[in-house]
Every structure is written in structure tokens, then in C-alpha cells.
There are 2 protein chains.
Amino acid sequence: MVGEKVNGVDVGAVESAVNTFKENPGLANFKFRVHNKWINGGHNHVTVGNFYGANQENSHLKTHELDADEPPILAGEDLGANPVEHLLNALSACLTTTLIYHAAIRGIEIEELESDLEGDIDLRGFLGIAKEVRRGYQEIRVNFKVKTAAENIAKLMALSKLSPVFDVTSNWTNVNVQIERK
Amino acid sequence: MVGEKVNGVDVGAVESAVNTFKENPGLANFKFRVHNKWINGGHNHVTVGNFYGANQENSHLKTHELDADEPPILAGEDLGANPVEHLLNALSACLTTTLIYHAAIRGIEIEELESDLEGDIDLRGFLGIAKEVRRGYQEIRVNFKVKTAAENIAKLMALSKLSPVFDVTSNWTNVNVQIERK
């Protein structure tokens, strides 16, 4: 029933979307977008305005704004989290929402949920100093603490695999980069 | 020379870091972290406070705060960009900083730099409706527009491959998820 909430999620609305996408698979094709404008040095600014989905263009209720920068030790002014911290943010948010939504539609109640993420990176990769060192994270650890019935923990572990950002991070996606002159 | 800036980047400071990491590779091992707290439904909140690097604990000048939520069409209240938009944000920020920093240390001047990112995702994967559909983005397109001398474009294309988030997104990283009861 639309309006019934578990973990603050409108379960009926999610189930309605599931049924819609089963009947009309094309409606499940979404395109998410951001626009990034470089400001100065390590500082750049992102706006998140609209997205495509359910066969139409959709707008956010407001434009979301995000800033990235580097801390002083990495030659920035620290006007925002840095790009690899933003990646951990995306991963933590996606795992959290995946657990909460999928728990909700299965009737699994969660009282509290927190996580700490840590990623190891050897900056010699990014700086091009050592070719054998990868540029990105070597490993990312995610530790959740969840206030819920004990029997739910194993179920939540299985549900975490449904996270889209977990999928992209632990598998791979084709990223097509084009650069043209302005 | 420390203090000389190209593209707003203190080139001397970056070159000094490169020399330090060449002499003492262990100093290049960084650990970045976020803490995520679920608020309600699709809304969760991240704090970015400290990180390890250069053989010590480091604090940001201030704690950076980030929110994720889903738009109403995805059963949220739209109190922030959603997790997969945050992933595009991280990718755009990292590619941008990579281009700007590496251009700077090569003396390549950039006047303006903007990018549009778009990722294709079939939500039947996340919702567990169709097993053959992946959960994450099927493809991500990144289009940069750069105001710089024409001869620099090919160089920038090569430099973009040094981006850590591009590496994680287009390759893969081991993500170790643990869930325990609070």
C-alpha cells in the first residue's frame, strides 16, 4: 500500500515501481548527469540538476551543489572533500540506501545504521612516479554497525551486493572520455 | 620553486612532494576515510574529517559534510544528490584535478575547463528484477570542454588516464564489506 513506511521508505511506492518496471522494462532506463566547472587549482564545483528516467526528463526539487578540493598537504585550499574521498562518500551512500531500501521491502526493520570507510592509496601511482603502482585505491574497507535484530545481519550482507556503486567499484564500467577545445 | 603557480596549482609544492615520495616511498601511502550516518529513508549524511598520509594523521581545515538522498520519483525527499550522481561527481572531480595538476607540472596552461558526465543505468538491476541486468552503470560518458592551446588536447587525453577515480571506475578495486550489530 502506497504510504506505508518501513525504515522511512515508502514501501508501496517502491513496490509500485518494481511492478511498473516488470511490465515496461524500458521505463527502468535512467541517465544520471553532473556538470563540473573547474574553479582554480584543486577546487572544482559540480551541479546536479536533471536526469532522465521513466521515459521522461526529471528535475531535482533543487539543484544540488558539490565542491571538491585538496587539503593543503596536497597543494589545495581544502574547500571541499577531495575526489577520492568523494568516491568513498558515493560508495557509503549507495551501500546505505541499498541496505535500507531492500530491508524495507522485505519488512526488515533497522533502527540505526552507520558506517566507516577507509581506502588505501599510494600516491606514487597518481603522480606517475612508479608505473607498477596503480593510480586508484588498492583496497577499500567498509564497516557497518547496525541496530537491528541479530537474525537480520546475514540477510543485510547479501543485500549489500545489490548496490550500484559497489558494483561499479568492485567490478568495472566503460568510461568514455572525450576532450574538445572550447 | 615553491610558490610559483600554474593553473592555480603551486607547482613547486607538487614537485617537492614528488621528490619526497621518490626518496621515501612509504610517505606516499595515504588512507582516506568517511563516516556515514543513515538519517531516514533515502537520506544519509557523510562527514569527512581526517586522513592518514606522509607518515602521520592529518585533519582537514574543517570537517566536510555531504548528504545523499533520492528524488521523489525514487521514493526519497531529494535532500541531496543520489549515490550514483555522487559517483559521477567523484569521477568528474578526479578527472578535473588530474588534468589541472598534471598540466600544471608540465607547464600546460589551462584557462577554462568544464565537463558534462552522463551514466546509463537500468534500475531493474538494483531492484533485483532481472538477474542479467547489472546493478551499476552500463556506461559513463565524460565530455570535457577546455580553453587551452590546440596542441595541448592530445596531451590532456593521455593525462586523464592518471586519475585515481577513473582507475577504480574503469578497472576494479577490492571492496571488503563487514556488517556487525550495534
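The values are calculated or read from the model by the stated rules, or taken from the named source; none is laboratory data. Since this is a predicted model, take the numbers as computed values, not measurements. Every residue, glycine among them, receives a Cβ derived from its backbone with ideal geometry; neighbour counts consider all protein chains shown.
Points to keep in mind about this one:
- Within the stretch B:118-138, restricting attention to residues that are within 7 Å of another protein chain (Cβ to nearest Cβ) and basic (Lys, Arg), the residue that is surrounded by the fewest Cβ atoms within 10 Å (Cβ to Cβ) is B:ARG134.
- Just one of the numbered conditions (1) more than 7 Å from every other protein chain (Cβ to nearest Cβ); (2) outside any helix (DSSP H, G or I); (3) in contact with a helix residue (DSSP H, G or I) (Cβ under 6 Å, 6 or more places away or on another chain) is not true of B:SER115: (1).
- Answer residue from the stretch B:36-60, given it is surrounded by fewer than 18 Cβ atoms within 10 Å (Cβ to Cβ), out of contact with any Leu (no Cβ under 9 Å at 6 or more places or on another chain) and at the interface with chain A (Cβ under 7 Å from one of its Cβ atoms) and is farthest from A:ARG124 (Cα to Cα) among those: B:ASN40
- Residues in the stretch B:142-173 that are surrounded by fewer than 19 Cβ atoms within 10 Å (Cβ to Cβ), within 17 Å of the chain's Cα centre (by Cα) and at the interface with chain A (Cβ under 7 Å from one of its Cβ atoms): B:ASN143, B:ASN171, B:TRP172.
- Selection of first residues in the stretch B:7-27 that are closer than 30 Å to B:GLU112 by Cβ and of second residues that are of a type in the set (Lys, Arg), restricted to Cβ pairs under 8 Å at least 6 apart or on distinct chains, gives the following pairs, ordered by first then second residue: B:VAL11/B:LYS5.
- Long-range neighbours under 6 Å by Cβ, at least six apart or interchain, first residue closer than 12 Å to A:ILE108 by Cα within the stretch A:149-161, second in a loop (DSSP other than H, G, I, E, B) and among the β-branched types (Val, Ile, Thr): A:ASN152/A:ILE108
- Residue within the stretch A:27-34 that is modelled with pLDDT of 95 or more and in a helix (DSSP H, G or I) present: yes
- Being acidic (Asp, Glu), touching a residue at least 24 places away in the same chain (Cβ under 8 Å) and either part of a loop (DSSP other than H, G, I, E, B) or over 20 Å from A:HIS86 (Cβ atoms) (or both) is a description that does not apply to B:GLU57.
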